[in-house]
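In what follows, a single structure is set out as structure tokens and then discussed.
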Amino acid sequence: MLTLVRIVDGAARAIRLIHHRLGTSAGRPMSIQHPQTCSHIEHSYKSGDPVTLDVEGQPVTARIGDTLAAALMSAGIAGLRETAGGERRGVFCGMGVCNECLVSVDGRQSQRACMIKVSGPHTVRRQAFQVLLPAQASGAAPILASDLAVRTPDLLVIGGGAGGLAAATVAAGAGLDVVLVDERAMPGGQFFKQPGAAHRFADAIAIDRQVAEGRARIERARRAGVEILSGADAWGAFAPMTVGVTTGAQSLLFRPSRLVVATGAYERGVPVPGWTLPGVMTTGAAQTLLKTDGVLPGRRVLVSGNGPLNLQVALELARAGADVAAVAELAPRPGIARAGALLGLTASALDVAWQGADMLLELYRRRIPVLYGQGLTRIEQADGSLVASLGERRFEIDAVLMGYGFLPSNELLRALGCRHDFDAARGHLVTWRTDDCETSVSGIHAVGDCCGLGGARAAADEGVIAGWAVARALGRPVDHKNLSAARARLVRHRRFQTALWQLFAAPRLHAERAEPDTIVCRCEEVTLGAVEAALSDGLPSIGEVKRRTRLGMGRCQGRYCAPVLAALLAERQGRPIDALAFFAPRVPARPVSISDLVRTGAPR
């Protein structure tokens, strides 16, 4: 039987170091409580009610149901976490991956402001770096597997985006017992993200086609009988098929008959001077603030990077009242050389191609310039604003949005031993799968962007395929017409994605625009110069560089810096990047409180 002793004991040394470096006391959670609310405060508020937060001793008006990040940014507070070097950090990823927006809430340290919901008149303090040793050990014993409630549904789905919802709905509709675990308070994922009940632009967002479609998909899943555990973190996966999950109420182990992983992707970060300044965030983070809470990242914004999401978000922000200075697109302007890609787009999905054309036309009508072949080179602070440079062009703005594509969130799949190969054309690891979306590990299916980027539409049809494969494996009848239709749509979606990225083909940046003092590892403040020094005396492995510099040892677990380092090592060593070029995944894959892994009050 699996025990968690090794996990907790193996983490003990790291926990002591975390206490030392971050100033958390023994026995206090080292990360957020749970994303839905600060539930330790009793209240009788309802969603949308105004409350007053005490933020660094100053009153800030917020509303019940807002994310804390949205409430703070709405009040003009962008700088949150304070680093060891005394720098301020703010919201960057907007989806709980980067851990840059940490604050103390009602005395609980290391709360991710982008994930936690306002549930009362909280006291909020910046997460200051401290060097403190714990006063005393808690004396709590690690939890064993026998201590945890174990659930054995027919199917466990991890991730509530397009792919996860589709897989769960199909399997539940076939009569299976299905549990879906999603870390956000509301499923829908990044593509179908749902507005909160207290949304400031509720009427405008209600007519958003993506929001409406996402709402319908969530309702279909519930009507089919899917049990949705929102605000639940799948923090560890262990062979052959055991998943550790924490909810707002308890810690659980799941041992399902079948598993579908649909954990999506997160946005790539490209280090340039100033990319860690408050007010610099991913394009997806800005979209999340707008769509879930109705908060603009700033009044005047610059959108930069590569890909169609940047154009979409620029337009959404402009419709909501933001002054979009420009969209800097790294790809060259479409021309005759890319006529084939344009034809491929229209042939694969004419309606989506027309939507793209309408989007460009509206940007033109709103006089928002799209600057092709240009990208960020530097960001600086000046007189309370940010100054972003695109070569010789300079823009004074409130917020800089960076969107350079995505990377798969494949940590759980890799931890389970599923085979991955590096796809040089796409620049990331791709999960090996059969035509039924089953991985190299029998009984484990993977769908959507976590196993190779293909977009939400492809993810949804992969979910349908995986859902029917699970139903068939567990003896349920299969709707072959529905399955065949999903396979046919998937072919078109993949053809569309191929043409789309031919149209947006651009140089894949890593550290080319960083300077020696530019931070590469955001968590541990490791600069490019420090990495270069670690590479100067031979051909070290990625693990050796990690030990020499601490790059990749922070809370984001190398999600942003590891791809940059892997590219640097491959270049210096004259070899291609492969599946072994990255850090091994480690537990916990998502933030989890120490108190969730120990028996409270039990002696060691």
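Summary table
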read-out	value
Residues of the range 506-546 that turn out to be among the aliphatic types (A, V, I, L, M) and at pLDDT below 90, as a count	1
Cβ pairs under 7 Å, 6+ apart, first in the range 415-437 and touching a residue at least 24 places away in the same chain (Cβ under 8 Å), second acidic (Asp, Glu) and in a loop (DSSP other than H, G, I, E, B)	Phe422/Asp578
Unmet requirement for Val97, which otherwise passes all of (1) among the hydrophobic types (A, V, I, L, M, F, W, C); (2) farther than 30 Å from Ala70 by Cα; (3) modelled with pLDDT under 95	(2)
Residue match in the range 45-52 (condition: under 17 Å from the mean Cα position of the chain (by Cα) and part of a loop (DSSP other than H, G, I, E, B))	no
Scope the range 472-500; condition under 30 Å from Arg338 (Cβ atoms) and touching a residue at least 60 places away in the same chain (Cβ under 8 Å); matching residues	Arg492, His493, Arg495, Phe496, Thr498, Ala499, Leu500
Arg394 more than 23 Å from the chain's Cα centre (by Cα), assigned to a strand (DSSP E or B) and on the phi < 0 side of the Ramachandran plot	yes
Filter result for the condition that a residue is surrounded by 22 or more Cβ atoms within 10 Å (Cβ to Cβ), β-branched (Val, Ile, Thr), at pLDDT below 50 and at negative phi, over Ile7, Ile41, Ile32, Ile18	Ile32
Boolean, Leu551 is in contact with a Ser or Thr (Cβ under 6 Å, 6 or more places away or on another chain) and within 20 Å of Gly85 (Cα to Cα)	no
Failed condition for Leu156, given (1) under 26 Å from Asp596 (Cβ atoms); (2) surrounded by 23 or more Cβ atoms within 10 Å (Cβ to Cβ); (3) modelled with pLDDT under 95	(3)
Matching entry among Leu528, Leu535, Leu509, Leu503 (being crowded, with 16+ Cβ neighbours inside 10 Å, over 22 Å from Thr431 (Cβ atoms) and touching a strand residue (DSSP E or B) at 6+ places or on another chain (Cβ under 7 Å))	Leu528
Qualifying position, being touching a Phe, Trp or Tyr at 6+ places or on another chain (Cβ under 7 Å), closer than 30 Å to Leu371 by Cβ and not hydroxyl-bearing (Ser, Thr, Tyr), among Leu568, Leu528, Leu509	Leu509
Residue under evaluation Ala514, criteria (1) touching an Asp or Glu at 6+ places or on another chain (Cβ under 7 Å); (2) assigned to a loop (DSSP other than H, G, I, E, B), criterion not met	(1)
Complete set of residues in the range 254-268 that are assigned to a strand (DSSP E or B) and either within 23 Å of Leu429 (Cβ to Cβ) or in contact with a Gly (Cβ under 6 Å, 6 or more places away or on another chain) (or both)	Arg258, Leu259, Val260, Val261, Ala265, Tyr266, Glu267
Evaluation of Val387 against (1) within 20 Å of the chain's Cα centre (by Cα); (2) not in a loop (DSSP other than H, G, I, E, B); (3) not small (Gly, Ala, Ser) (one fails), failing number	(1)
Filter result for the condition that a residue is in a helix (DSSP H, G or I), at negative phi and surrounded by fewer than 16 Cβ atoms within 10 Å (Cβ to Cβ), over Ala318, Ala314, Ala347, Ala353	Ala347
Filtered residue count, the range 397-422, keeping only those that are of a type in the set (A, V, I, L, M), in the same structural domain as Ala314 (by TED's automatic domain parsing) and outside any strand (DSSP E or B)	0
Condition met for Leu289 (assigned to a helix (DSSP H, G or I) and free of Cβ contacts under 8 Å to residues at least 40 places away in the same chain)	no
Qualifying positions in the range 417-428 - surrounded by 20 or more Cβ atoms within 10 Å (Cβ to Cβ) and modelled with pLDDT under 95	His428
Residue match in the range 95-105 (condition: under 22 Å from Thr247 (Cβ atoms) and over 20 Å from the mean Cα position of the chain (by Cα))	yes
Hits in the range 452-471 - residues which are touching a residue at least 60 places away in the same chain (Cβ under 8 Å), touching a strand residue (DSSP E or B) at 6+ places or on another chain (Cβ under 7 Å) and over 18 Å from Ser257 (Cα atoms)	Leu453
Residue list for the range 70-114, restricted to those being assigned to a loop (DSSP other than H, G, I, E, B), over 20 Å from Glu524 (Cα atoms) and without any contact (Cβ under 8 Å) to a residue 60 or more places away in the chain	Ala75, Gly76, Ile77, Gly107
Pair list, Cβ < 6 Å and 6+ apart or interchain, from the range 513-527 residues that are within 16 Å of Gly85 (Cβ to Cβ) to residues that are surrounded by fewer than 17 Cβ atoms within 10 Å (Cβ to Cβ) and of a type in the set (Gly, Ala, Ser)	Pro516/Gly529; Glu525/Gly85
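The values are calculated or read from the model by the stated rules, or taken from the named source; none is laboratory data. The shown structure was predicted, so the numbers you read here are calculated from the model rather than taken from an experiment. Cβ sites come from the backbone with ideal geometry, for glycine too, and all protein chains shown count toward neighbours.
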